[in-house]
Amino acid sequence: MPYLMEDDPEVARIIRDEESRVENTLDLIAAENHAPLSVLEAQGSIFSLKAAEGFPGNRFHAGCRHADALESLAVSRAKRLFGAEHANVQPHSGVSANLAVYFSVLDVGDRILSMKLSHGGHLSHGDAASMTSRCFDFQHYGLNLKTEQIDYDEIEDLAKSFGPRMIVAGASSYPRLIDYEKMAEIAQSVSAVLLVDMAHIAGLVAAKVIPSPVPLADFVTFTTYKTLRGGRGGVILCRQKHTDRINRAIFPGGQGTPSLNLIAAKAVCFHLGLTEDFVELQKKTLNNAACFAAEFERLGYRIVSGGTENHLVLIDLRSKGLTGARAEKTLESVGIIVNRNVIPADPERPEVSSGIRMGSPAITSRGMQEPEARQIARMMDKSMSNIESTQILNQVAQDVRNLCKQFPVQQ
Ligand SMILES: *Cc1c(COP(=O)(O)O)cnc(C)c1O
C-alpha cells in the first residue's frame, strides 16, 4: 500500500495489523469468511467513486456506460447462479435488502410473522431494538424447546390466528435446514407473501449442497460476504412481477447511489460460484461443521438441536460451568475467534449468554479439512477446560499459530 503508507502511515499500520490478525488467528465466526483476492481487488477498484443513481439504461448521472455493463453482468450472473427471475444487486447490506422487501409490498403497520432473535432469527426480522419493529407489526415464532428445531405446526397456528401479510423464514444462528415447501404452503394458506432471508447460507445454496428457497419464495434476500465469499453487500432475488416494486424500494426508496465497487465484487463471486472448486469448497464447509459437532459431542458437550445440517454449530456450555462471554474471551486469547450466542430459552442475558456459535466457512476457505476441524475442536476444549492455566493457554496459542502457518489465508 505505497500511497497509503505515504499519506497516512497510521491507518496503513492498523490495516497491516488487521492483516496479521486475520492470518494468525482461526476465524470461526459463522457470519464471516475469507474472500479471494480477486474479490478484494474488485471491491477496492475505481468503481467505488462512480455515482450512478438508477439502474442500467436509466441513470440519473452521465458517464455510466461501464457502470451499466458491470451491473447488468452482475444481475444476469446472480439470476443464473440462483435460478431467479429477477435480481437487484444494489443493497448495501442484508438489512437494506430486507427493508426494501418489506417496503416493496407492505404498508406501514402491516403484519409480519418471523423467527424471534433469541431463537436464532435476525435483528432486522422485527426485533424490538430494530426500527423494523416500529414500522411493522411483528409476531414471532420460536423453536420447539424439546427438539430445538422449527415447529411448523406452531407457525401454522400463529399464521392462522395472526393473519400476517408476510412470513419471513431464515435465521442467523439456526444449525438446521428449513423446510421451504412447508413455509410456502403455510404462507399460501393465509395469503401471505414469503420472504426467505438466506444471508448465512447463500454459498451453500449457490453450490446446491443444500436446498434452495428460490423456486418457492416470493422474495429471497442474502448477504454476499458470508458463505458466498463475495465481499460486503446484499442482494434481493424475486419473481419477475415484483421487479419494479423491488427496484423502486431500493432506489429511490431506501438508498441513493449504489456501491458499484461492491457490485463488481458481487459479480466476481457469482462467476466463481459456478466453478467446480466452489462446489467442492461448500461441500467441505458442510463436512467441517459436521466434524466440529461430532468432536464436541465426543468431548461431552451438548450440541443445540443435537447436530448441524449447515455451516454452523451451536454449543451449550452450561454443563461445563462456562458462559458464552467467558468462553469467547478465553478463546480469543489463544487466537480462536468465535462469538458467544444465546441458546434457546437461555437463562443468561444476551451479552453473557450460555453458548457459542461456531462456523466452518473461513477455516474451509483456508484449505482445512476433517483432521484440522477435529484438532480445532480439541484445542477449544483444552482452552475452555483450563481457563485459569496460563501455561496450557500459551501452549494452545502456539498450536493455533502453527496451524495458521500451515494453512495461509490466500493459497
Ligand atoms: C448477516 C445477516 C443479515 C444482515 O446483514 P448485514 O450485511 O449485516 O446488514 C441479515 N439477515 C440475516 C439472517 C443475517 O444472518
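The values are calculated or read from the model by the stated rules, or taken from the named source; none is laboratory data. All of these numbers come straight from a predicted model, not from anything done at the bench. All Cβ positions, glycine included, derive from the backbone under ideal geometry; neighbour counts span all protein chains shown. Heads up: the accessible areas ignore ligands, DNA and RNA and are worked out on the full protein's heavy atoms, side chains in. Shrake-Rupley method; radii C 1.70, N 1.55, O 1.52, S 1.80 Å.
Computed with a 1.4 Å probe over protein heavy atoms only, the accessible surface of the chain comes to 43 Å² per residue.
Oblate is the label for region 276-406, because a/c, from the alpha-carbon gyration tensor with a ≥ b ≥ c as root eigenvalues, is 1.5 or above and a/b does not exceed b/c. Among 247, 144, 261, the largest mean-square fluctuation in a Gaussian network model of the chain (Cα springs under 10 Å) belongs to 144. Per the Cα gyration tensor, the chain maps to an equivalent ellipsoid with semi-axes of 34, 29, 18 Å, ordered largest to smallest.
Karplus-based coupling profile of region 127-136, in residue order and whole Hz: 5, 4, 7, 9, 5, 4, 6, 8, 9, 10, with θ = phi - 60° in 6.51 cos²θ - 1.76 cosθ + 1.60 and x standing for Gly or Pro. The length gained by stretching the chain between residue 390 and residue 60 to full extension, at 0.36 nm per residue less their Cα-Cα distance, is 112.8 nm. Per-peptide packing, taken as the mean over residues of other Cβ atoms within 10 Å, places 9-22, 85-98 in the sequence 85-98, 9-22 from highest down.
Taking only protein heavy atoms and a 1.4 Å probe, the accessible area of region 276-406 is 45% carbon and sulfur. Cross-link partners for residue 79 among the lysines, with Cα-Cα distance under 29 Å and sequence neighbours closer than 8 places in the same chain left out: 50, 182, 208, 226, 241, 266, 283, 284. Surface composition of region 40-272: carbon and sulfur atoms hold 51% of the protein heavy-atom accessible area at a 1.4 Å probe. Each Lys or Arg adds one and each Asp or Glu subtracts one; over the other residues with Cβ under 12 Å from the Cβ of residue 29, this totals -1. Rounded to 0.05, the FRET efficiency of the residue 145 and residue 319 pair, given R0 = 25 Å and the Cβ-Cβ distance, is 0.90. By the gyration tensor of its Cα atoms, with a ≥ b ≥ c the square roots of the eigenvalues, what is the shape of region 20-80: rounded for a/c under 1.5, prolate for a/b over b/c, or oblate? Verdict is prolate for region 20-80. Karplus-derived 3J(HN,Hα) values for region 209-223, using 6.51 cos²θ - 1.76 cosθ + 1.60 with θ = phi - 60°, are 8, 9, x, 9, x, 4, x, 10, 9, 6, 9, 10, 10, 7, 9 Hz; glycine and proline are entered as x. With an a/c value of 1.5 or above and a/b larger than b/c for the gyration tensor axes a ≥ b ≥ c computed over the alpha-carbon atoms, region 40-272 is described as prolate.
Assuming R0 = 41 Å, what is the FRET efficiency of residue 19 and residue 185, from their Cβ-Cβ distance, to the nearest 0.05? Show your work: numbers first, answer last.
Working: r = 48 Å, r/R0 = 1.17.
It comes to 0.30.
Here's how it looks for residue 86: its modeled amide H is under 5 Å from those of 238, 240, which are all 5 or more places away or on a different chain. In the neighborhood of residue 163, defined by Cβ-to-Cβ distances under 15 Å, what is the net charge if each Lys or Arg adds +1 and each Asp or Glu adds -1? Combined, the nearby Lys, Arg, Asp and Glu give -2.
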